[in-house]
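Just so you know, all these numbers are worked out from the coordinates, no wet-lab data involved. Everything numeric here is computed off the predicted structure, so don't read it as measured data. Neighbour counts run over all protein chains shown; Cβ positions are idealised from the backbone, glycine included.
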Amino acid sequence: RIEVRDAASGRLTATVRPGGNVLELALSADVLAVLVRSGGRNSIERYASRGGRLLGRTRVYGNARALAVSGRRVVFVTGRAVRQLGVETTGIVAVAPRPVVAVALEGRHLVWAERDGRRGRIVHAEL
């Protein structure tokens with residue numbers, strides 16, 4: 001079970017029960033995105049941050065990781081690809097030359113970190 005609480009007041013705003021083992025989660029004012037594994041398959045479940053209503057569930061690749069959410073937009077990483085979640089599908093929005101280790105999203109601003117051996121870099125793109 002996942003509880004979403006208001007940071008200032010501590011008031012419970014949503015409770016959700018994901019349909020599998022939780023691997024990662026990300027939260028915006030609008031959406032709680034949860035990467036879950038169930039029956040050997042991964043999916044991203046989206047819930048309303050207030051109330052916890054299920055907004056959608058989309059199957060994703062087994063190597064999906066590094067969720068980020070801004071508004072209703074959800075992105076995640078598979079290998080070197082940064083993908084944006086659609087209603088039923090996913091689309092590649094960027095392909096990094098090196099393995100992506102983290103991703104962040106604010107509005108249309110996408111930032112990811114990539115690493116190659118001992119060196120790393122931060123990349124900014126707009127969606």
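Among the residues that make up the range 52-60, is at least one of them closer than 30 Å to A8 by Cβ, hydroxyl-bearing (S, T, Y) and within 13 Å of the chain's Cα centre (by Cα)? No, the range 52-60 contains no residue that is closer than 30 Å to A8 by Cβ, hydroxyl-bearing (S, T, Y) and within 13 Å of the chain's Cα centre (by Cα). Of the residues making up the range 17-26, those that are under 19 Å from T90 (Cα atoms) and surrounded by 17 or more Cβ atoms within 10 Å (Cβ to Cβ) are L25, A26.
Residues are listed down the side, and each one gets a yes or a no for (1) surrounded by 12 or more Cβ atoms within 10 Å (Cβ to Cβ); (2) part of a loop (DSSP other than H, G, I, E, B); (3) among the polar types (S, T, N, Q):
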site: R83; (1), (2), (3): yes, no, no
site: I92; (1), (2), (3): no, no, no
site: P97; (1), (2), (3): no, yes, no
site: V103; (1), (2), (3): yes, no, no
site: A113; (1), (2), (3): yes, no, no
site: R121; (1), (2), (3): yes, no, no
site: A125; (1), (2), (3): yes, no, no
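Listed by position, the strands (runs of 3 or more DSSP E) contained in the range 1-59 that have at least 1 residues being touching an Asp or Glu at 6+ places or on another chain (Cβ under 6 Å) are 12-16, 31-38.
Among the residues of the range 74-112, those identified as within 13 Å of the chain's Cα centre (by Cα) and among the charged types (D, E, K, R) are R83, E106. Number of residues in the range 34-48 that are closer than 13 Å to E3 by Cα and of a type in the set (A, V, I, L, M, F, W, C) equals 2. Checked against the criterion of being out of contact with any Leu (no Cβ under 8 Å at 6 or more places or on another chain), surrounded by 19 or more Cβ atoms within 10 Å (Cβ to Cβ) and without any contact (Cβ under 8 Å) to a residue 60 or more places away in the chain, the candidates A7, A29, A66 yield just one match: A66.
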